[in-house]
Structures are given as structure tokens and as C-alpha cells.
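**Student:** Would you mind keeping the following structure in view while I ask a few things?
Just so it is clear, none of the values below were taken in a lab; they were calculated from the coordinates. Keep in mind the model is a prediction, meaning the values are calculated, not measured. When we count neighbours, we look across all protein chains shown, and the Cβ atoms used for this are built from the backbone with ideal geometry, even at glycine.
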Amino acid sequence: MPEPRDNHLLAALPAADLQRLAPHLEVFDLVLGDVLYEPGDTLRHVYFPVDAIVSLLHVTENGASAEIAVVGNEGMIGIALFMGGESTSSRAVVQSAGTALRLPGHSLKKEFNRHGDLLVLMLRYTQALITQMSQTALCNRHHSIDQQLCRWLLLSLDRLPGNRLTMTQELIANMLGVRREGVTEAAGKLQRLGVIEYSRGQITVLDRARLEGLSCECYSVVKTETDRLLG
């Protein structure tokens, strides 16, 4: 059974703060492909992933999409609730199935408005998330699909307990906002180099150090800033 301290944000709270939130947290299953909210939806809950990954996507009028951030056990889904917007222009989709701890929005806002440790932690997390979004935009514009795939795999691995991801190339292409053929070619290169093994929607990372070496600087920028703000 997931515990609050299985999520890094909740684990960073002082015991007294976490004790106030704990009675309102409920275990919530996140199924691959589930949409937690669509653009413009009024948010009612926030989610603290434990062993799942959620992608934040922007979607165009014709249905094309691109990922702007990934959130796992280091963070939370639903920052619009405490930022005051109540809704957001992004879509939240479960990228890797697992569990999360769900908290009613009013419970989070009540604790946030105490102007204590939760407020400071949430603002630091928001800064880390903005860094990831900004770096993703830069990466999508200036770096190759090969580098983008390496960055994406590393960010996903950091949010999972093992070295295996369940993800089709078509879904990866949708996340990165590129053609499937580009992802197929990039994944094939990594497999030939012995960095990953890909079979039937399962990606296993065999050589993480090599994967980091093949990635652009965007991964290390995001990781360094996240560790600085939340470590």
C-alpha cells in the first residue's frame, strides 16, 4: 500500500504538516492512457504520483500534441489549484501506469494558505517544473530527435523504480511531437549501440551512462535544477 512518504514532495514536508494532510489522501490507480484533466477543465484534485508517470501535453486544434513536462514521484499534478487559476491549458495523461495519492483541492489550498512549509515547497516545485517546461521547449526546437529521445528516456527513468518502460513508439512520437518514423530510427540506433533493448512496447535501458552521454545538456540542466530546489 502506497505511503505518503513514497512521494518525494510529501516526504519533504515536516511531520506536523503531513499529519494534517494524511487523512485526506486516498490511493488512486493511474491506468496507462487515462486523462486526469483536459485543457480548460476545473481542477478538483491534485495527484502525488508514487510509481506512475504523468505527461503534461499541449494540444493543437487539429489534435496534434507535444509533451511539455513529465511528472512522477518527485512531484505533483495540479499546480493550477494553488496558483489561483483553477484550470490549465494543458492535458494530463498517464504515461506509465501505477498509483498516486489523490488530495482534494480544498485541502491543499487550506494548507497552502497557512503560509508555512507547504507553500515554500510548492513554489519551489513550480520553479522546477517551469525549468523543465522551458528546457523542453528549447530541446524540441534545437536538438535532434535522437537527443530528445535520450532526454525523455532519462527523465522517465528518474521517476520509475527500475530500468524498464512500457511505451510504444507511437506514444513516444506523440509525446515528443515528432513523426513515428523518426522515433523508430532513433530507437533503432540506441538498440544497435547496446544502450537499450526494445521489444513489444517494452524499453529496457541497458547502459544508462552511455544514454546520458548521448543526451543533450537539457537533461542535466533539468535534473540539476530539480535537485537544487527539491533535494
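**Student:** What does the charge count near residue 14 come to, summing +1 for each Lys or Arg and -1 for each Asp or Glu among other residues with Cβ under 13 Å from its Cβ?
**Tutor:** 0
**Student:** Also, I was wondering about something else. For 168, 131, 204, what's the fewest-to-most ordering of other Cβ within 10 Å of each Cβ?
**Tutor:** Least crowded to most crowded, the residues run 204, 168, 131.
**Student:** Starting with the fewest neighbours, write out 221, 195, 35 ranked by other beta-carbon atoms found within 10 Å of each beta-carbon.
**Tutor:** Lowest count first: 35, 221, 195.
**Student:** Assuming a ≥ b ≥ c are the square roots of the Cα gyration tensor eigenvalues, decide whether segment 131-170 counts as rounded (a/c under 1.5), prolate (otherwise, with a/b larger than b/c) or oblate.
**Tutor:** oblate
**Student:** I've got another one for you. If you place +1 on the Cβ of every Lys and Arg, -1 on the Cβ of every Asp and Glu, and leave all else neutral, what size is the dipole of the chain about its Cα centre, to the nearest 20 Debye?
**Tutor:** Approximately 180 debye in magnitude.
**Student:** Using Cβ contacts closer than 10 Å as the measure, can you line up 122, 76, 133 from fewest to most? Walk me through the intermediate numbers first.
**Tutor:** On the way: 122 20, 76 26, 133 17.
Arranged by neighbour count, lowest to highest, 122, 76, 133 become 133, 122, 76.
**Student:** Rounded to whole Hz and in sequence order, give me ³J(HN,Hα) for segment 86-92 from the Karplus expression 6.51 cos²θ - 1.76 cosθ + 1.60, θ = phi - 60°, writing x for Gly and Pro.
**Tutor:** Calculated HN-Hα couplings, in order: 6, 9, 9, 8, 9, 10, 10 Hz.
**Student:** Of 22, 9, 42, which is farthest along the charge dipole of segment 1-118 in the positive direction, counting Lys and Arg as +1 and Asp and Glu as -1 at C-beta?
**Tutor:** 22
**Student:** Roughly how big is segment 4-138's charge dipole about its Cα centre, with Cβ charges of +1 (Lys, Arg) and -1 (Asp, Glu), in debye to the nearest 20? Intermediate values should be presented prior to the final figure.
**Tutor:** Values: 9 positive and 14 negative charges, 87 e Å.
Computed charge dipole of segment 4-138: roughly 420 debye.
**Student:** Let me ask something else about it. Given the rule -39500 (n - 2.57) for each run of at least 4 DSSP H residues, summed and divided by the residues of the chain, what is its mean residue ellipticity at 222 nm, to the nearest 500 deg cm²/dmol? Walk me through the numbers before you get to the answer.
**Tutor:** Working: 10 runs with 103 residues, N = 231.
Per the formula, -13000 deg cm²/dmol.
**Student:** Shifting gears a bit: Please list, in chain and number order, the residues 5+ apart from residue 37 or on another chain whose amide H is under 5 Å from its amide H, with Hs placed from the backbone.
**Tutor:** Correct list: 92.
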